[in-house]
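One structure below.
No value in this document is a laboratory result; all are computed from the given coordinates. The shown structure was predicted, so the numbers you read here are calculated from the model rather than taken from an experiment. Positions of Cβ are backbone-derived with ideal geometry, glycine not excepted, and every protein chain shown enters the neighbour counts.
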């Protein structure tokens, strides 16, 4: 039987802007099962960013409930929220958010520095394993400036995996990448989902990226307009293989 990893119930988020109340989310409800690959889509002003901040425990709803891996997020204090973020959620951002003068291996180790139950040797071992899982075993000592955009995003994904989170939360993770590199990242995401059973919530504005997931939620004006399972999930590897080879890409690979 599938386990609910994420549950949202009648979620509302309101902001006071001067004398006005802005209703960013207007009563959203959905669930995510363990091992699901969900994409969340929506144009600017749809409430997508607000929802992302709540899912990432960076903000709390005005009204409604959010349960992450059985934990009632609404009841947590700031320090408890920070601990939950660090142990339960692996973040992947559009801008990679890597430390520029730090090696790939050290960047991946960063989340583990806040875990006092892990010593330096285990921290290094887990970071190496995470980088190997995203096929960067030969890039441990490289700094971000020595890596391509796609390789930097792989480092960011390895960093998201290193704490063995219950959910990977990706915010426009292909937004800064060209089509070929985007499909490479999505092929990696599909592998993590299918082969390793990782639960992924992927925020995007690109329909072709959403086609690689198993389900898509479309937001509009702070409400869910559609919540649709994808009956014909595209293979990112097959899409990538169908692209014509380019000299620039082969030189970079």
Every residue from segment 207-232 that is outside any strand (DSSP E or B) and either surrounded by 16 or more Cβ atoms within 10 Å (Cβ to Cβ) or without any contact (Cβ under 8 Å) to a residue 60 or more places away in the chain (or both): 208, 209, 210, 211, 212, 213, 214, 222, 230, 231, 232
Some residue of segment 55-68 being closer than 21 Å to residue 213 by Cα, part of a helix (DSSP H, G or I) and touching a residue at least 60 places away in the same chain (Cβ under 8 Å): yes
Complete set of residues in segment 112-147 that are touching a helix residue (DSSP H, G or I) at 6+ places or on another chain (Cβ under 6 Å), in contact (Cβ under 8 Å) with a residue 40 or more places away in the chain and part of a helix (DSSP H, G or I): 112, 144
Number of positions in segment 171-206 that are farther than 17 Å from residue 130 by Cα and part of a strand (DSSP E or B): 4
Residue under evaluation residue 85, criteria (1) free of Cβ contacts under 8 Å to residues at least 60 places away in the same chain; (2) buried (at least 16 other Cβ atoms within 10 Å of the Cβ); (3) in contact with a helix residue (DSSP H, G or I) (Cβ under 8 Å, 6 or more places away or on another chain), criterion not met: (3)
